[in-house]
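This report concerns only the one structure given below.
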Amino acid sequence: MNSSNWIYLGAGIALGMVFGRLFVRWLRPKQASSNVSSSSSPVVPLAQEDMPLISQQLQQMQLAYQMAREMSQFKAGFLARTTHELRSPLNGLIGLHQLILSDLCEDPAEEREFIAQAHERTLKLLKLMDEILSVARIEHGTNKLDIQPRPLAQILEEVYNLTYMLAANRNFPLQLLPADPEIYVLVDYLWLRQIFISLIDTAITQMEEGSICISTSTVPTSNFVNIWLDVPTHAILWSEPIDLIKSEDQPTQIDQKNAAFSPGMRLLMNQTLVEVMGGKLEILPLTIAKEPPVQLTRLQISIPLVIPEADLL
């Protein structure tokens, strides 16, 4: 081996040692940061007895999320839902007029009877349109609400007095847990009372068995009071699909005799009115710990509280 080969061999060994040291210095901070992160966030194993509770809470959160998502889709199609509601009574009017125009009446007396029925249905249809227009004007701000401090206990007591006989006639117990008489809420008294009457009446109409319970709950860290209306799960039904725009064209189940809105439309209108008053109407799942567990649906109305001046200082 000549001198030039020795020179090349020495240079190669020197370069190898230099690159080796640089690689070790680069690798050392990576390992240190990995050790620090693993030591600063240790994984604590969960106790076996905590797993059922966590699983139940996760299931409740999933149900609540699903209901909130459906309510969002439900409210998105207000215009489609309104026209859907009005088509059924309009079809009834068209049918009566077709009988008259096709000379299918046996005599003038029957023709006058059909005309009278058409006139009656027209007036009921006009009433439905006035209700929708009234809610729309309130939401738009054209019609102002009379927002005043009102005692919550008095409002709920009046709601109970106006609805307990309706529930008793159907053999459905209606229970009211008294609210704190010192709790005052900022609401339009007449509209809030009407909202509760509408929700209870709709639930009773849909119920097959069970009971209804009205209760309240306040959160110390919140400026709202929660009013709970607990009803059987089957009492909150949609008489039409959630998303009317994407669904097939199906007739709405409306009482032709009384020309009443469907339960879904009633719920949407009540939700809109609660939001105009600065509150929120939500549908939540509820499980009563019994054997077997009882599944209920909770209608939760959150209403702003009247904050005493002493708390503002």
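The values are calculated or read from the model by the stated rules, or taken from the named source; none is laboratory data. Small disclaimer: the values here were computed from a predicted structure and weren't measured. When we count neighbours, we look across all protein chains shown, and the Cβ atoms used for this are built from the backbone with ideal geometry, even at glycine. All accessible areas refer to the heavy atoms of the entire protein, side chains included, with ligands and DNA or RNA removed. Shrake-Rupley method; radii C 1.70, N 1.55, O 1.52, S 1.80 Å.
Within the range 182-197, the set of residues being under 14 Å from residue 158 (Cβ atoms) and not in a strand (DSSP E or B) comprises 189, 190, 191, 192, 193, 194, 195, 196, 197.
Scanning the range 282-294 for residues that are outside any loop (DSSP other than H, G, I, E, B) and either without any contact (Cβ under 8 Å) to a residue 60 or more places away in the chain or of a type in the set (Phe, Trp, Tyr) (or both), we see that the one that is surrounded by the most Cβ atoms within 10 Å (Cβ to Cβ) is 286. Taken as a whole, the range 243-258 holds no residue that is touching a Phe, Trp or Tyr at 6+ places or on another chain (Cβ under 6 Å), open to solvent by less than 80 Å² (accessible area, probe 1.4 Å), at pLDDT below 85 and assigned to a loop (DSSP other than H, G, I, E, B).
For the criterion of being in contact (Cβ under 8 Å) with a residue 40 or more places away in the chain and either of a type in the set (Val, Ile, Thr) or touching a Cys at 6+ places or on another chain (Cβ under 7 Å) (or both), residue 183 passes.
One line per residue, one yes/no per condition, for (1) within 30 Å of residue 211 (Cβ to Cβ); (2) open to solvent by less than 80 Å² (accessible area, probe 1.4 Å):
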site: 94; (1), (2): no, no
site: 111; (1), (2): no, yes
site: 118; (1), (2): no, yes
site: 144; (1), (2): no, no
site: 165; (1), (2): yes, no
site: 170; (1), (2): yes, no
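The lone criterion from (1) touching a residue at least 24 places away in the same chain (Cβ under 8 Å); (2) surrounded by fewer than 16 Cβ atoms within 10 Å (Cβ to Cβ); (3) aliphatic (A, V, I, L, M) left unmet by residue 133 is number (1). Scanning the range 130-168 for residues that are in a helix (DSSP H, G or I), among the hydroxyl-bearing types (Ser, Thr, Tyr) and under 24 Å from residue 265 (Cβ atoms) returns 134, 163. Within the range 193-221, if we keep just the residues that are under 17 Å from residue 304 (Cβ atoms) and touching a residue at least 40 places away in the same chain (Cβ under 8 Å), the residue that is most open to solvent (accessible area, probe 1.4 Å) turns out to be 218.
Per this entry, residue 215 is not counted among residues that are small (Gly, Ala, Ser) and either at pLDDT below 95 or within 23 Å of residue 89 (Cβ to Cβ) (or both). Report whether or not residue 222 is of a type in the set (S, T, N, Q), out of contact with any helix residue (DSSP H, G or I) (no Cβ under 8 Å at 6 or more places or on another chain) and over 16 Å from residue 163 (Cβ atoms). Spelling it out, residue 222 is indeed of a type in the set (S, T, N, Q), out of contact with any helix residue (DSSP H, G or I) (no Cβ under 8 Å at 6 or more places or on another chain) and over 16 Å from residue 163 (Cβ atoms). Across the range 122-147, the number of residues qualifying as over 22 Å from residue 94 (Cα atoms) and of a type in the set (Ser, Thr, Tyr) comes to 2.
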